[in-house]
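Engineer: Please see the structure below; I have some questions.
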Amino acid sequence: MLRWILGGREAQGSVEKNPVLFIGEEQPKNWFTELQVLKGHFDIVRFLVQIDDFRFASAGDDGLVLVWNVETGERLLELRGHSQQITAMTAYTHTSGENTHTSLITASSDRTLSLWDPETGNRVQTVSDLQSSVKCLLVLERLCVWVSGGNELCVWNRDFQLQCQSQHHDDTGISATVELPKNCIAAAMDKDIVIFRLTMSTGSRLSVAEVRRLSDHQDSIHALININVVSSWLDVLCVEDHS
């Protein structure tokens, strides 16, 4: 279930409208109103990904990927294929000539990766029998590759072919990644931030290697985000678990 608080436009079309949430005196500073409740998931929703200006996708513990119309709240597609919860999802936009197409990449606890066409709902590519579950996905548009993080950092091309991977890590694995300049990636690995660099060798072969490890955190790192990608390749903000 998704609670719609993305703006002030009312839903249109045949989708059932829900009453606007009344904000009483107990919430005097709340400027947002609940416009719709989008029903379709049977368990916790953990991921929301924008496809374009008119559509977004949601996914979570029920293993479903649902595509929604942003303006009306209409459920456009239901993507079924994973047998367990979705652990990561991202949009992958690529250009061929004058045409631009956005696909969805999903990862699941069933140890599979899937590429979906949000226009048709078809699963275009699948990688199965992975050694571990993928916990995060990152698209590197400039290099035309994407990265999955689990017990290894794996680099894939847009045809779902594995290009290279890092060495096997401990059971905690990689929980978050973020792109840095100079073909580098910051990866959260338990209490450490590990910096990897992608290198293009002769013959256009990619390789990935650890170049630095930052180990000053006291708790597990759950998220990473760039705060400045111009001045320094180490300007990364992380979120720790202090629970």
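The values are calculated or read from the model by the stated rules, or taken from the named source; none is laboratory data. Here the structure is a predicted model, which is why all the values come from computation and not from measurement. Ideal geometry is used to build each Cβ from the backbone, glycine not excepted, and the neighbour counts take in all protein chains shown. We work out accessible area using only protein heavy atoms, side chains counted, and drop any ligands, DNA or RNA first. Shrake-Rupley method; radii C 1.70, N 1.55, O 1.52, S 1.80 Å.
Engineer: Kindly evaluate GLN84 against the criterion of being open to solvent by 20 Å² or more (accessible area, probe 1.4 Å), in contact (Cβ under 8 Å) with a residue 24 or more places away in the chain and polar (S, T, N, Q).
Structural biologist: Details: open to solvent by 20 Å² or more (accessible area, probe 1.4 Å): yes; in contact (Cβ under 8 Å) with a residue 24 or more places away in the chain: yes; polar (S, T, N, Q): yes.
Criteria met by GLN84.
Engineer: Going through GLN163, GLN131, GLN167 one at a time, which residue ends up being within 25 Å of HIS101 (Cβ to Cβ), open to solvent by 20 Å² or more (accessible area, probe 1.4 Å) and either assigned to a loop (DSSP other than H, G, I, E, B) or in contact with a Phe, Trp or Tyr (Cβ under 9 Å, 6 or more places away or on another chain) (or both)?
Structural biologist: Details: GLN131 fails: within 25 Å of HIS101 (Cβ to Cβ); GLN167 fails: within 25 Å of HIS101 (Cβ to Cβ).
Result of the check over GLN163, GLN131, GLN167: GLN163.
Engineer: Sort out which residues of segment 134-160 are over 14 Å from SER109 (Cβ atoms), not charged (D, E, K, R) and not in a strand (DSSP E or B), and write them in order of number.
Structural biologist: LEU143, CYS144, PHE160 - these are the residues of segment 134-160 that are over 14 Å from SER109 (Cβ atoms), not charged (D, E, K, R) and not in a strand (DSSP E or B).
Engineer: Kindly indicate whether LYS182 is closer than 26 Å to THR95 by Cβ, open to solvent by 70 Å² or more (accessible area, probe 1.4 Å) and in contact with a strand residue (DSSP E or B) (Cβ under 8 Å, 6 or more places away or on another chain).
Structural biologist: yes
Engineer: Let me ask you something else. Scan segment 53-64 and tell me whether some residue there is outside any loop (DSSP other than H, G, I, E, B), farther than 29 Å from SER201 by Cα and touching a Lys or Arg at 6+ places or on another chain (Cβ under 6 Å).
Structural biologist: The initial filter retains those residues of segment 53-64 that are outside any loop (DSSP other than H, G, I, E, B), namely 55-60.
Imposing the further condition that a residue be farther than 29 Å from SER201 by Cα reduces the set to 55-60.
Within this subset, residues satisfying the condition of being touching a Lys or Arg at 6+ places or on another chain (Cβ under 6 Å) are 60.
Scanning segment 53-64, I find at least one residue that is outside any loop (DSSP other than H, G, I, E, B), farther than 29 Å from SER201 by Cα and touching a Lys or Arg at 6+ places or on another chain (Cβ under 6 Å), so the answer is yes.
Engineer: Just to check your reading of the model, which residue among GLU26, GLU119 is acidic (Asp, Glu), surrounded by 13 or more Cβ atoms within 10 Å (Cβ to Cβ), outside any strand (DSSP E or B) and at pLDDT below 95? Walk me through how you get there before you give the answer.
Structural biologist: Details: GLU26 fails: surrounded by 13 or more Cβ atoms within 10 Å (Cβ to Cβ).
Result of the check over GLU26, GLU119: GLU119.
Engineer: Right, another one. For residues that are out of contact with any Asp or Glu (no Cβ under 9 Å at 6 or more places or on another chain) and charged (D, E, K, R), scanning just segment 193-215, find the one that is most open to solvent (accessible area, probe 1.4 Å).
Structural biologist: Once the filter is applied, the top-ranked residue is ARG205.
Engineer: Quick check on SER148: is it more than 22 Å from LEU48 (Cβ to Cβ), small (Gly, Ala, Ser) and open to solvent by less than 60 Å² (accessible area, probe 1.4 Å)?
Structural biologist: Values: more than 22 Å from LEU48 (Cβ to Cβ): no; small (Gly, Ala, Ser): yes; open to solvent by less than 60 Å² (accessible area, probe 1.4 Å): yes.
No; evaluated as a whole, the condition is false for this residue.
Engineer: Please count how many residues of segment 41-55 are among the aromatic types (Phe, Trp, Tyr) and either under 16 Å from ALA107 (Cβ atoms) or at pLDDT 95 or above (or both). Don't jump to the end; show me each part of the working.
Structural biologist: Of all residues in segment 41-55, those among the aromatic types (Phe, Trp, Tyr) come to 42, 47, 54.
Going one step further and asking which of them are either under 16 Å from ALA107 (Cβ atoms) or at pLDDT 95 or above (or both), we end up with 47.
Summing the residues that are among the aromatic types (Phe, Trp, Tyr) and either under 16 Å from ALA107 (Cβ atoms) or at pLDDT 95 or above (or both) in segment 41-55 gives 1.
Engineer: Can you give me the number of residues within segment 48-76 that are in contact with a strand residue (DSSP E or B) (Cβ under 8 Å, 6 or more places away or on another chain) and open to solvent by 40 Å² or more (accessible area, probe 1.4 Å)? I'd like the intermediate steps shown before the answer.
Structural biologist: Going residue by residue through segment 48-76, those that are in contact with a strand residue (DSSP E or B) (Cβ under 8 Å, 6 or more places away or on another chain) are 48-52, 54-61, 63-70, 73-76.
Those left that are additionally open to solvent by 40 Å² or more (accessible area, probe 1.4 Å): 48, 50, 52, 54, 70, 74-76.
Total satisfying the criteria: 8.
Engineer: Output yes when any residue across segment 93-103 is farther than 17 Å from SER175 by Cβ, open to solvent by less than 20 Å² (accessible area, probe 1.4 Å), assigned to a strand (DSSP E or B) and in contact with a Gly (Cβ under 9 Å, 6 or more places away or on another chain), and no when none is. Spell out the reasoning first.
Structural biologist: If we filter segment 93-103 for residues that are farther than 17 Å from SER175 by Cβ, which is where we start, we get 93-103.
If we keep only those that are open to solvent by less than 20 Å² (accessible area, probe 1.4 Å) too, we end up with 103.
Next cut, assigned to a strand (DSSP E or B) only: 103.
Within this subset, residues satisfying the condition of being in contact with a Gly (Cβ under 9 Å, 6 or more places away or on another chain) are none.
No, segment 93-103 contains no residue that is farther than 17 Å from SER175 by Cβ, open to solvent by less than 20 Å² (accessible area, probe 1.4 Å), assigned to a strand (DSSP E or B) and in contact with a Gly (Cβ under 9 Å, 6 or more places away or on another chain).
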